[in-house]
Each structure stands twice: as structure tokens, then as C-alpha cells.
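Data block below; observations after.
The values are calculated or read from the model by the stated rules, or taken from the named source; none is laboratory data. Just so you know, these numbers come straight off a predicted model, no measurement behind them. Using ideal geometry, Cβ is built from the backbone for each residue, glycine included, and neighbour counts are taken over all protein chains shown. What goes into the accessible areas is simple: the full protein's heavy atoms, side chains included, and nothing from ligands, DNA or RNA. Shrake-Rupley method; radii C 1.70, N 1.55, O 1.52, S 1.80 Å.
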Amino acid sequence: MADVFDKVKEIIVDKLEVEESQVTMEASFKDDLEADSLDVVELVMELEDEFDMEIADEEAEKINTVGDAVNYINSSQS
Amino acid sequence: MLSGKSALVTGASRGIGRAIALELAKQGANVAVNYAGSEDKAQAVVEEIKQFGVKSFKIQANVADEKETKAMVKEVVSEFDSVDILVNNAGINRDNLIMRMKEDEFDQVIDTNLKGVFQCIKAVSRQMMKQRGGRIINVSSVVGVSGNAGQANYTAAKAGVIGLTKSTAKEFASRNILVNAVAPGFITTDMTDELTHEQKEGMLSMIPLEKLGEPEDVARVVRFLASEDAKYITGQTINIDGGMVM
């Protein structure tokens with residue numbers, strides 16, 4: 001669990017150029033991390049590559065917060 | 001000018017697509033030659049391209065098919081390691097008067113000429129976003145701007161391509177993916193060879209430069225749009241038509 005969050009955090013910090021402290025489970029990509037829609041699509045692509053999985057468009061649309069992404073990855077890996 | 005770049009040209013086995021593929025290769029780009037049915041002609045283009053000392057291969061795909069376009073782009077990336085230039089050229093025509101045009105004739109043309117462009121753009125978008133750059137050049141037609149009796153399906157698709165070009169340009173601008181269209185006028189190809197003498201005469205009378213264009217006239221503009229020289233141009237449609245539409 002922690003591993004997934006750390007990895008996701010690392011990718012977000014790198015992609016969105018935000019501070020590590022801003023990346024909390026509750027943080028919204030668009031509202032708190034100032035990502036635009038294309039950034040979110042790109043982030044999802046990056047997560048797919050990193051965790052070697054495919055996130056369907058319908059599922060990707062539901063990912064609004066860092067927690068959504070972490071939980072989705074955890075649930076699909078278990 | 002384009003050495004080290006990788007290009008995918010759809011409908012590249014003949015006509016304008018073939019000329020574009022050759023022109024990009026001449027400038028040093030590796031070129032994947034997409035075709036739908038003319039395998040022998042596609043292979044001949046590949047052989048010609050290789051003479052410029054660049055890599056090339058042919059790849060069959062129906063551009064309107066999501067799976068086939070995805071697989072095509074995957075293969076281009078695995079062969080060339082990138083896709084820097086996508087030229088959406090594949091097109092068909094099923095000309096008829098509206099009152100005689102069958103639904104099927106309308107659908108086929110929209111599928112290949114409009115949806116095909118969308119599918120290929122979607123298929124390369126992931127790769128180009130990762131690369132933080134790319135060039136997409138869509139081949140529209142001047143009749144997509146002016147309209148043409150007997151080509152309701154074709155002109156609707158080609159006008160659609162211009163709209164699609166603008167939306168794509170806006171959507172991907174922040175990732176340095178530049179998207180433009182060219183709108184050829186009357187160019188000598190198999191498609192225009194089918195026209196009657198009367199139709200050709202009628203067309204010529206509307207062209208200020210009083211002659212037909214060559215596929216190479218289009219290819220050179222595409223080469224420009226694919227080059228560094230065009231780095232501040234996106235969302236535009238350039239008519240290559242001897243002044244037919246102004």
C-alpha cells in the first residue's frame with residue numbers, strides 16, 4: 001500500500017512539478033495540484049506503464065484524487 | 001532536414017501519399033508506408049524510399065479500424081523507436097449526386113476519410129505526448145472548403161478534417177504537437193484520371209494558374225509543415241490549388 005503511494009507520489013511530483021508535501025491521498029489533481037485534463041490523461045498513461053496495467057477510459061475518468069489512483073492500483077493488483 | 005525523424009504516411013502506395021512518403025524520405029526521415037489494398041505498389045514505394053538510405057517498411061491497415069491503427073502505430077514505434085510525423089492521407093471517393101447517393105456510399109467515405117484521420121491521430125497521440133512533440137499533417141481537399149456538386153460525402157468528410165485539425169491542434173498544443181492540414185486542388189492522380197475530359201476542362205477554367213497540380217506540389221508543402229521551419233504554425237489549412245479557392 002505504502003509502496004504504491006510512494007511510487008504514485010514520485011510520478012506526480014515529477015510530472016506535475018509539485019512539492020512532495022502537496023501530494024496527499026486527498027489531493028485533487030485538478031483543484032489542488034493544478035493539473036489540466038491532458039495532464040491527468042498523461043498521468044494515467046504513466047501509471048499504466050509503471051504498474052504494467054491498462055486502465056479503461058471509464059475507470060480513468062473516475063480518478064480525481066491521488067487516493068483514487070492509489071486505491072485503483074491497489075485493488076487491481078490484489 | 002528531417003534526418004532521424006520517423007514518419008507514418010497513410011494511403012502511401014500511390015498518388016499524393018506516395019509523393020509525400022518519397023519527399024519525407026528524401027529529406028532523411030524513416031518512412032512507414034501504410035496501404036489498404038495495393039500491396040505490390042506499397043512494396044515498390046518502400047524500395048524507392050530505401051534508395052535514399054533511410055529505413056522503410058509497408059504496413060497494411062484499414063485506417064477506420066481502431067485495432068488496426070493501434071497495431072500499426074505500435075509496429076512503427078517498434079521499428080523506428082518513435083513517431084514524429086503522421087500524415088493522414090488515405091482517402092477514397094464514391095461520387096454521386098445526393099439524390100442518387102446510397103447511404104453506404106456516404107458512410108464508406110466518411111469512415112475512411114474522416115474517421116480514419118481521427119483513429120490515426122488517437123493512435124499516435126500517446127506516443128507523441130510522451131515524446132513531447134510531433135507533427136500531424138492531414139490531407140483535406142480544397143472542395144472541403146468550397147463544396148462540389150456530386151461529392152457531398154467527400155466534401156463533408158474533407159471539411160470535417162479541417163475541423164478535426166483545428167480541435168486537435170488546440171488540444172495538443174501544450175505538448176508541442178503541431179497539427180495542420182493541406183487542401184490540394186486539382187492534382188493529377190488516379191482519382192482525377194477518372195474524370196471526363198469535360199469535367200477537367202470545367203475545372204481548368206476555375207484555376208487561375210491554368211494547370212493541374214502535381215503530387216509533388218503537395219508533398220513539398222507537407223515536408224515544410226513537418227520541418228523545423230514550420231514550428232510556429234498549427235491549426236492551419238494550406239490550399240495547394242493554383243489559386244482555385246481564395
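Some observations on this one:
- Within the option set B:Glu214, B:Glu201, being open to solvent by 80 Å² or more (accessible area, probe 1.4 Å), free of Cβ contacts under 8 Å to residues at least 12 places away in the same chain and more than 14 Å from chain A (Cβ to nearest Cβ) holds for one residue only, B:Glu201.
- Every listed requirement among (1) within 23 Å of B:Met129 (Cα to Cα); (2) in contact (Cβ under 8 Å) with a residue 40 or more places away in the chain is met by A:Thr24 save one, (1).
- Meets criteria (touching a residue at least 40 places away in the same chain (Cβ under 8 Å), out of contact with any Lys or Arg (no Cβ under 9 Å at 6 or more places or on another chain) and surrounded by 19 or more Cβ atoms within 10 Å (Cβ to Cβ)) for B:Val182: yes
- Residues of region B:147-183 that turn out to be within 14 Å of another protein chain (Cβ to nearest Cβ), more than 25 Å from B:Ala219 (Cβ to Cβ) and not hydroxyl-bearing (Ser, Thr, Tyr), as a count: 4
- Counting only helices (runs of 4 or more DSSP H) that sit completely within chain A, those holding 2 or more residues that are open to solvent by less than 60 Å² (accessible area, probe 1.4 Å) and within 14 Å of chain B (Cβ to nearest Cβ) correspond to A:2-16, A:37-50.
- Flag for B:Gln119 being modelled with pLDDT of 95 or more and touching an Asp or Glu at 6+ places or on another chain (Cβ under 6 Å): yes
- All of B:Ser141, B:Ser82, B:Ser78, B:Ser56 fail the test of being closer than 28 Å to B:Lys26 by Cβ and free of Cβ contacts under 8 Å to residues at least 24 places away in the same chain, apart from B:Ser78.
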